[in-house]
Amino acid sequence: MKVIYILWLRQLKRYYRSKARMIGALGQPLLFLVALGFGFGPIYQKAGGGNYIQFLTPGIIAMSILFIATFSGIEVIWDREFGFLKETLVAPVSRFKIMIGRTIGGATVSVLQGIIVLLISTLFGFRPISIYLLFVSLIFMILIATLFTAVGTAIACLLTDMHAFQLIINFFIMPLFFLSGALFPLQGLPTAFTFIARINPLAYGVDGLRATLANSAQFGIFTDIIILSGITFIFLAIGSYLFSKMQV
């Protein structure tokens, strides 16, 4: 447990030590929230969809968590290149504990970023439907963060080039984000897009956040939790296995 705590604390210090990194991470979600929220808001309202800011905010929260969590995997490559990872791995603890500590650290940073985006969104007119359901929304934030931190770690274990990691991650997460229902409703889409959304784990995270924050869900909150939890467990196992086999 001590090793997990140290790695968790190190992840937090590494991220929040850089103010430029924090501000930069908030830039993209806020740009989407303001530009799309106010740009497409009147069109969405005329189409009978209601308040677009209310619909959009859960998707933007999920996006901020997704990007921070997935890109946290690059630190595995960074630590491997500069020797810190080798020093960590020679410690008399299992690689599984090391991987879990790094994952918890990356997930914590991602959830905190999601909470910051949620708080800022209230300045633009977003209103959670219930104070009590805010705590349930935290469950979905944690699941999204843990899942995609594990995904980022798993991909990083297979690579040695930081530039290749960034290209692959961008190629991987952009389709996940745009086909998750974060920006538009999933109802009425062509069959192919509906199928992709149903196998997209982020779609269940967005749906869960929308159910708890805006009272609008397509799959159902219990379906969202069960499927997202199952996929998170699978990728934690995959990430742990790849981390245990990684050559340093």
### Task
Go through segment 116-156 and count every residue that is closer than 13 Å to L209 by Cα, of a type in the set (S, T, N, Q) and surrounded by fewer than 17 Cβ atoms within 10 Å (Cβ to Cβ).
1
## Note on the structure
With criteria (1) part of a helix (DSSP H, G or I); (2) surrounded by 14 or more Cβ atoms within 10 Å (Cβ to Cβ); (3) not hydrophobic (A, V, I, L, M, F, W, C), G230 comes up short on (2)
### Count - residues of segment 162-213 that are loosely packed, with under 13 Cβ neighbours inside 10 Å and aliphatic (A, V, I, L, M)
4
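In segment 1-77, which helices (runs of 4 or more DSSP H) lie fully inside it and hold 1 or more residues that are more than 29 Å from L159 (Cα to Cα), modelled with pLDDT of 65 or more and aliphatic (A, V, I, L, M)? Write out each step before concluding.
Details: elements: 2-16, 19-39, 41-46, 52-71.
Helices (runs of 4 or more DSSP H) meeting the threshold: 19-39, 41-46, 52-71.
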#### Entry: Answer from L159, L213 - the residue that is over 14 Å from the mean Cα position of the chain (by Cα), in contact (Cβ under 8 Å) with a residue 12 or more places away in the chain and under 28 Å from I77 (Cβ atoms)
L159
### Task
State the number of residues belonging to segment 156-185 that are hydrophobic (A, V, I, L, M, F, W, C) and under 19 Å from L33 (Cα atoms).
9
### Unmet requirement for L159, which otherwise passes all of (1) out of contact with any Ser or Thr (no Cβ under 7 Å at 6 or more places or on another chain); (2) more than 24 Å from K245 (Cβ to Cβ)
(2)
## Note on the structure
Filter segment 91-115 for residues that are among the polar types (S, T, N, Q) and closer than 21 Å to A211 by Cα; the one that is farthest from the chain's Cα centre (by Cα) is Q113
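The values are calculated or read from the model by the stated rules, or taken from the named source; none is laboratory data. Note that the coordinates shown come from a computational prediction; the quantities given were computed from them, not determined experimentally. Here the Cβ is made from the backbone with ideal geometry for all residues, glycine too, and neighbour counts use every protein chain on show.
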